Amino acid sequence: MQRDDLLARLRERIFRFAASRLQRDAAEDLAQEVLLVLHEKYAALDRVEMGTFRDRLIGDLSGGQQQRVFIARALATEPDIIFLDEPTVGVEKHIRDEFYALLKQLNRALCLTVVLITHDLESVAYEAMHVACIDRALYYYDSAEAFLRERRPTDHAHR
């Protein structure tokens, strides 16, 4: 069934249900709100390139695909900031690289702040705008270049 057909049928069902209990205008408003929420969720899936998988169960998706769906769920609420704790553990390198590229794209396109908690500093340092490391103390670098330039082989990043 096509997405537009599904949405039209859903809108009609909601309208019929609500119309029996509410005034016609209120029923139309309710149907429009539900459609808006669905549209926002579909748009979030499309933004992370998972729109074609919207009918699949989360357990049927690969680890990288699941991470994209989790990001879409967060984006559906239109946040200013998202926190990700070890989002690429157990994900293959090429998928991990694609995931980090997606985060960079979202950061730029949506002005979205991404706080990434990871032990994989080598992979993300090249993409980060700022780097903070915590290892008995807080080490802050105002750019990825500063982090890569100033750290020593025995520093916190290599433990």
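Go through (1) open to solvent by less than 90 Å² (accessible area, probe 1.4 Å); (2) without any contact (Cβ under 8 Å) to a residue 24 or more places away in the chain; (3) among the charged types (D, E, K, R) for Arg108 and report which single condition fails.
Status for Arg108: all satisfied but (1).
For segment 66-95, what are the residues that are farther than 24 Å from Asp55 by Cα and among the basic types (Lys, Arg)? Write out each step before concluding.
Residues of segment 66-95 farther than 24 Å from Asp55 by Cα: 79-86, 89-90, 92-94.
Answer for segment 66-95, where residues must be farther than 24 Å from Asp55 by Cα and among the basic types (Lys, Arg): just Lys93.
I'd like to know if segment 59-77 contains one or more residues that are free of Cβ contacts under 8 Å to residues at least 40 places away in the same chain, farther than 30 Å from Arg9 by Cα and among the acidic types (Asp, Glu). Before you say what the answer is, go through the steps one by one.
Keep residues of segment 59-77 that are free of Cβ contacts under 8 Å to residues at least 40 places away in the same chain, which gives 59-77.
Keeping just the survivors that are farther than 30 Å from Arg9 by Cα gives 62-64, 67.
Filter once more, so that each one left must be among the acidic types (Asp, Glu): none.
Within segment 59-77 (the criterion being free of Cβ contacts under 8 Å to residues at least 40 places away in the same chain, farther than 30 Å from Arg9 by Cα and among the acidic types (Asp, Glu)), the answer is no, since none of the residues qualifies.
Quick check on my filter: what residues within segment 62-78 are outside any loop (DSSP other than H, G, I, E, B) and within 12 Å of Arg47 (Cβ to Cβ)? Let's see the steps before the verdict.
We begin by selecting, within segment 62-78, every residue outside any loop (DSSP other than H, G, I, E, B); these are 63-75.
Arg68, Val69, Ile71, Ala72, Arg73, Ala74, Leu75, listed by residue number.
Do any residues in segment 78-89 that are touching a residue at least 24 places away in the same chain (Cβ under 8 Å) have Cβ atoms under 7 Å from those of residues that are assigned to a loop (DSSP other than H, G, I, E, B) and of a type in the set (Asp, Glu), where the two are at least six apart or on different chains, and which pairs are they?
If the second residue must be assigned to a loop (DSSP other than H, G, I, E, B) and of a type in the set (Asp, Glu), the pairs left are Thr88/Asp120.
Working only within segment 41-87, note down all residues that are closer than 19 Å to Thr118 by Cα and more than 13 Å from the chain's Cα centre (by Cα).
Within segment 41-87, Gly63, Glu86 meet the criteria.
Quickly run through segment 108-123 and pick out the residues that are touching a Ser or Thr at 6+ places or on another chain (Cβ under 9 Å) and of a type in the set (S, T, N, Q).
Thr118, Ser123
Going by the conditions given, is Thr88 open to solvent by 40 Å² or more (accessible area, probe 1.4 Å), polar (S, T, N, Q) and closer than 21 Å to Gly64 by Cα? Break it down stepwise before answering.
Values: open to solvent by 40 Å² or more (accessible area, probe 1.4 Å): no; polar (S, T, N, Q): yes; closer than 21 Å to Gly64 by Cα: yes.
Here the answer is no, as Thr88 does not meet what is asked.
What number goes with the only condition from (1) in contact (Cβ under 8 Å) with a residue 40 or more places away in the chain; (2) touching a Gly at 6+ places or on another chain (Cβ under 9 Å) that Arg96 does not pass?
(1)
Has segment 49-60 got at least one residue that is assigned to a loop (DSSP other than H, G, I, E, B), of a type in the set (A, V, I, L, M, F, W, C), at pLDDT 80 or above and open to solvent by 80 Å² or more (accessible area, probe 1.4 Å)?
Checking segment 49-60: at least one residue is assigned to a loop (DSSP other than H, G, I, E, B), of a type in the set (A, V, I, L, M, F, W, C), at pLDDT 80 or above and open to solvent by 80 Å² or more (accessible area, probe 1.4 Å).
The values are calculated or read from the model by the stated rules, or taken from the named source; none is laboratory data. Given the structure is predicted, the values throughout are model-derived calculations rather than measurements. In this analysis, Cβ positions are derived from the backbone assuming ideal geometry, glycine residues included, and neighbour counts consider all displayed protein chains. The area values use the complete protein model at the heavy-atom level, side chains included, leaving out ligands, DNA and RNA. Shrake-Rupley method; radii C 1.70, N 1.55, O 1.52, S 1.80 Å.
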